[in-house]
Amino acid sequence: MQLETISSISTPVGEGAIAIVRLSGVDAVEIADRLYKGANPLESVDSHTINYGHIVDPETGETVEEVMAAIMRAPRTYTREDIVEINCHGGVHTVNRVLQLTLKHGARMAEPGEFTKRAFLNGRIDLSQAEGVMDFIRSKTTEASKVANQQMQGRLKTHVEGLRQSILNILAQVEVNIDYPEYDDVEEATTSFLEEEAQKVKDEIRKLLKSSAQGKILREGLSTVIVGKPNVGKSSLLNYLIQDNKAIVTDVAGTTRDILEEYVNVNGIPLKLIDTAGIRDTDDIVEKIGVERSRQALKEAELILYVLNNNEPLTDEDIEILDSMSDQNVINIVNKLDLEPKLDIEDLQSRYPDMPVVRTSIINGTGVDDLEDRIAGLFFEGEIQSVDSTYVSNNRHIHLLEQAASAISDAIESAGMDVPVDIVQIDLVKTWELLGEVIGEDVSEQLIDQLFSQFCLGK
Ligand SMILES: Nc1nc2c(c(=O)[nH]1)N(C=O)[C@@H](CNc1ccc(C(=O)N[C@@H](CCC(=O)O)C(=O)O)cc1)CN2
Ligand SMILES: Nc1nc2c(ncn2[C@@H]2O[C@H](COP(=O)(O)OP(=O)(O)OP(=O)(O)O)[C@@H](O)[C@H]2O)c(=O)[nH]1
Ligand SMILES: [Mg+2]
């Protein structure tokens, strides 16, 4: 496939030690040579070498930059096309000038994700791997990056390809039956083979789907909101969990006014931890908006840590808030255990039997281990699956796998009911196609464009 040569700045915008202008396409080396002056023209150097030289504006003769130019010739490259990477000093202005020069001398500005899109279009990676690249860049915790890395390396692709091969094997058997319908015993053998093999495929798809709840948590972080009345110790809890003093803690009720978000790892589970303004009626306009945001965050939370003060009785306000969260995952944290007990914990437990209660004294660091165990227990039944297994975390993949599971169920059901085998065949082909979409086979150009447009510029 011959596409125009593209160029972009592939490093973050801003001051840095080094910034890279990357070119990809058949004319990459030729365009670079129009600007590059070194011991040898890049056209003549070996592939996969890096070469010292200068970028000179051919129109003015001005030396614009001192660079190292890496040359990588197709097909052993990220895009499978010729690639030149011009390593510049990291100033915003000069990198931009080098980019402009490449554009002026034959390259086109790359669209977001276009390098990776070419890696896909040129067959180096499948769509699930390309999506893995993006997840990898965006991952916020070690676990998330491990899962994304595996996907980027082709783990899901291999898995899906295996399933598609199994379906092809079943289809081949069905084909025999359609070709020789007069042999009854062939038909019987086919039906049981089909049911058995299709069931195996279905089980595998189900297994992948089962991983998705955890996969999504690993990828996005479990959205966890800390709420409660003012001054109960919400910000103290956030600081304790992240082991840092990011949130302001004072003994003034109403200290936190706005939402604060931090990522933290609890027993291997990435949490997107959100500290909120204490919920209460207030006339303070800033605090009022904060309280409104707290209520909003509550609605969207996957886990709620409701903090109470051991030193104060349960109020109507607490009850109102707790009642409103009855169908959510809530852990009640009775904090300030070091103070005189005025909260009836038994009453709390009997009012909300589905909400585990954890007792803490954050100021002394007690009880937080117990809280961490509870969180892990709620979402991973005590322990996280090894990150070595295949996780599905992408909504597009999950949706396709659900459809595939339903199509193959139809196939199995029909086979069991002695429906003509060519009907069964249709459902099997459908399953095969749906799985193909996960890895990017026969997907529309529109979908591809949409997926890659979410990438960073220069990737
Ligand atoms: N300077 C630089 N650093 C970078 C990248 C880059 O493009 N440029 N990468 C960009 O994301 C990542 C590295 N990822 C890469 C993935 C595949 C190939 C590649 O050339 N693959 C070929 C040949 C491999 C080989 O030589 O064995 C292939 O798979 O066919 C290169 C980089 C991270 N660091
Ligand atoms: N005795 C005692 N004091 C605590 C404990 N945890 C927090 N505190 C104190 O309680 C006060 C309020 O703590 P914060 O973490 O600011 O409370 P908050 O819930 O974030 O308060 P707002 O942001 O105002 O809603 C501070 O003076 C903390 O030092 C605890 O376990 N025991
Ligand atoms: Mg606070």
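The values are calculated or read from the model by the stated rules, or taken from the named source; none is laboratory data. On a predicted model such as this, the values are computed, not experimentally measured, just so you know. Ideal geometry is used to build each Cβ from the backbone, glycine not excepted, and the neighbour counts take in all protein chains shown. The area values use the complete protein model at the heavy-atom level, side chains included, leaving out ligands, DNA and RNA. Shrake-Rupley method; radii C 1.70, N 1.55, O 1.52, S 1.80 Å.
Of everything in segment 326-372, what is surrounded by 14 or more Cβ atoms within 10 Å (Cβ to Cβ) and either in contact with a His (Cβ under 8 Å, 6 or more places away or on another chain) or small (Gly, Ala, Ser) (or both)? Give them in sequence order.
Within segment 326-372, SER361, GLY367 qualify.
Scan segment 250-260 and tell me whether some residue there is touching a residue at least 40 places away in the same chain (Cβ under 8 Å), near ligand 2 (Cβ under 8 Å from one of its atoms) and in contact with a helix residue (DSSP H, G or I) (Cβ under 9 Å, 6 or more places away or on another chain).
no
Residue under question is GLU66, and the condition is that it be in contact (Cβ under 8 Å) with a residue 12 or more places away in the chain, more than 29 Å from the chain's Cα centre (by Cα) and open to solvent by 40 Å² or more (accessible area, probe 1.4 Å); does it hold?
In short, yes.
If GLY268 passes every condition in (1) on the phi > 0 side of the Ramachandran plot; (2) of a type in the set (Gly, Ala, Ser); (3) within 11 Å of ligand 2 (Cβ to nearest atom) but one, which one does it miss?
(3)
In segment 213-234, what count of residues is obtained for those that are buried (at least 20 other Cβ atoms within 10 Å of the Cβ), away from ligand 2 (no atom under 16 Å from the Cβ) and in a helix (DSSP H, G or I)?
5
Identify all residues within segment 283-311 that are open to solvent by 40 Å² or more (accessible area, probe 1.4 Å) and either touching a residue at least 60 places away in the same chain (Cβ under 8 Å) or touching a strand residue (DSSP E or B) at 6+ places or on another chain (Cβ under 8 Å) (or both); write none if there are none.
Result: GLU300, GLU302.
State all residues of segment 412-443 that are part of a loop (DSSP other than H, G, I, E, B) and open to solvent by 60 Å² or more (accessible area, probe 1.4 Å); if no residue qualifies, say none.
Matches in segment 412-443: MET417, ASP418, PRO420, GLU441, ASP442.
Inside segment 261-272, can you point out the residues that are touching a Lys or Arg at 6+ places or on another chain (Cβ under 9 Å) and touching a residue at least 40 places away in the same chain (Cβ under 8 Å)?
Applying the first criterion (touching a Lys or Arg at 6+ places or on another chain (Cβ under 9 Å)) to segment 261-272 yields 261-264, 270, 272.
Of everything in segment 261-272, those that are touching a Lys or Arg at 6+ places or on another chain (Cβ under 9 Å) and touching a residue at least 40 places away in the same chain (Cβ under 8 Å) turn out to be TYR263, PRO270, LYS272.
For ALA107, indicate whether it is in contact with a strand residue (DSSP E or B) (Cβ under 6 Å, 6 or more places away or on another chain), closer than 16 Å to ILE6 by Cβ, open to solvent by less than 20 Å² (accessible area, probe 1.4 Å) and at pLDDT 95 or above.
So ALA107 fits the description; yes.
Would you check which residues across segment 235-249 are within 11 Å of ligand 2 (Cβ to nearest atom) and under 18 Å from LEU305 (Cα atoms) and list them?
SER235, SER236, LEU237, LEU238, ASN239, TYR240, ALA247, VAL249
For segment 225-252, how many residues meet the condition of being over 16 Å from VAL358 (Cβ atoms) and within 9 Å of ligand 3 (Cβ to nearest atom)?
Count: 7.
I need every pair where a residue in segment 7-35 that is without any contact (Cβ under 8 Å) to a residue 24 or more places away in the chain has its Cβ under 7 Å from the Cβ of a residue that is not aliphatic (A, V, I, L, M), sequence separation at least 6 or different chains.
That search, which allows pairs on different chains as well, returns ASP33/PRO41; ASP33/GLU43.
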